Amino acid sequence: MAATNSCRPETIFSSPGCEVQYCADCQMVHLNMGALTLRMSEQQFANYAIDISKAMFSLRQREVATTHQPAQYVM
């Protein structure tokens, strides 16, 4: 769905690494990471969140397998 002149995203989450906004007008989630902004539907955002979690798990498993020490991350 294209952004409209009435697109007014509101910040629903913010951290040093990203900002997540939602626009009720265009019904899109805006994921801002520095100079990069991804716009997606709520369903796409939910799928993206699941995929990122799975990727992080795989990355941790890989690090554990190669270092034989548990990886520690702050979330």
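Bear in mind that the values in this text are calculations on the coordinates, not laboratory data. Quick caveat: nothing in here was measured; it's all calculated off a predicted structure.
The H on the amide N of residue 26, modeled in the peptide plane, is under 5 Å from the matching H of 8, each at least 5 residues off or on a different chain.
In this structure, the amide hydrogen of residue 41, modeled 1.01 Å from its nitrogen in the peptide plane, lies closer than 5 angstrom to those of 29, counting only residues at least 5 positions away or on a different chain.
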